[in-house]
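Every number in this text was worked out from the coordinates using simple rules, so none of it is lab data. Owing to the predicted nature of the structure, the values given are computational and were not obtained by experimental measurement. Here the Cβ positions follow ideal geometry from the backbone for every residue, glycine too, while neighbour counts run over all protein chains shown.
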Amino acid sequence: MNQKGRRVLFVCTGNICRSPIAEVIACSKSDVHSFQSAGTATWHVGQPMDPRAAIVLTQRNLDPSTHVAQHATHALLGDHDLVVALDRKHREILSRQVDPATTTIVLLRSYDPLGGGATDVADPYYGTHEDFEQCAEHVERSVSGLLKALESGAL
């Protein structure tokens, strides 16, 4: 990471579907910033990515194999200057945990150029392969938009 890079943390609920998809995609698109992901809940800490999430990443020639779910602890949040929530509930939870003077929280989907005002990346956990595909598509477009905002200095 160069000196202009941001420390970015993607956050969803369990850190096995949406936020690791975002982390892997972001890492594949930029080596300027540092990316990690975490969950607001502790249910899956220490577990690998959901196999269905791993499949949609593998289909995009991305490697999901190093992911291990972690919890968005106060210390982890404090190590990042940009926290990217995957939906409004995550943003609400995170807003009570971070110092707004040092950490910015944004919604990932707000950077989707085709989002039409959508703010949440839908949770595919209880869904089908198509739901994971749609999630990855929304995340991929949103990450591209987020990176443009970072590079332009808007964030």
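About the Cα centre of the stretch 14-69, how large is the charge dipole given +1 on each Lys and Arg Cβ and -1 on each Asp and Glu Cβ? Please answer in debye to the nearest 20.
140 debye
Subtracting the Cα-Cα distance of Leu76 and Val32 from their residue separation scaled by 0.36 nm leaves 13.9 nm. Among Tyr111, Thr128, Val56, which residue has its Cα positioned farthest towards the positive end of the charge dipole of the chain, with +1 placed on the Cβ of Lys and Arg, -1 on the Cβ of Asp and Glu, and the dipole taken about the Cα centre? In the chain, that residue is Tyr111.
Exposure proxy shown here: for Cys12, Cys135, the number of other Cβ atoms within 10 Å sets the order, fewest to most, as Cys135, Cys12. Electrostatic tally near Gln134: other residues with Cβ closer than 13 Å to its Cβ, Lys and Arg +1, Asp and Glu -1, net -4. Cα centroids of the stretch 16-64 and the stretch 93-155: 13 Å apart.
Within the shell defined by Cβ-Cβ distances under 12 Å, the residues around Arg60 carry a net charge of -3, with Lys and Arg each +1 and Asp and Glu each -1. Result for the chain in a Gaussian network model with C-alpha springs under 10 Å: among Arg52, Arg96, Arg109, the largest mean-square fluctuation is at Arg96. Rounded to the nearest 20, the size of the Cβ-charge dipole of the chain about its Cα centre is 300 debye, with Lys and Arg at +1 and Asp and Glu at -1.
Close amide H pairs (under 5 Å, H built 1.01 Å from N) link Leu62 with no residue at least 5 positions away or on another chain. Stokes-Einstein diffusion for the stretch 36-110 at 25 °C, viscosity 0.890 mPa s, with a Kirkwood radius from C-alpha pairs, works out to 182 µm²/s.
Net charge of the neighbourhood of Leu114, taken over other residues with C-beta under 13 Å away and scored Lys/Arg +1, Asp/Glu -1, is -1. When the helices of the chain are scored as -39500 (n - 2.57) per DSSP H run of n ≥ 4 and the total is divided over every residue, the value at 222 nm lands at -11500 deg cm²/dmol.
Which FRET efficiency value, to the nearest 0.05, is calculated for Val68 and Thr119 with the Förster distance at 30 angstrom and r the Cβ-Cβ distance? Here the calculated transfer efficiency is 0.60. Taking amide hydrogens as placed 1.01 Å from N in the peptide plane, the amide H of Phe10 sits under 5 Å from those of Gln36, Ser37, Ala38, Val84, each at least 5 positions away in sequence or on another chain.
The ranking of Leu82, Leu114 by Cβ neighbour count inside 10 Å, starting from the fewest, reads Leu114, Leu82. Taking every C-alpha pair closer than 8 Å and separated by at least 6 residues, the mean separation divided by the residue count of the chain gives a relative contact order of 24 percent.
Extension gain for Thr102-Lys89 works out to 2.6 nm (0.36 nm per residue, less the C-alpha to C-alpha distance).
Provide the FRET efficiency to the nearest 0.05 for the Arg7-Ile55 pair, computing r from the beta carbons and using R0 = 22 Å.
Result of the calculation: an efficiency of 0.15.
Taking neighbour counts of Cβ atoms within 10 Å as a proxy for exposure, in what order, fewest first, do Val139, Val32 appear? Ordered by Cβ neighbours within 10 Å, fewest first: Val32, Val139.
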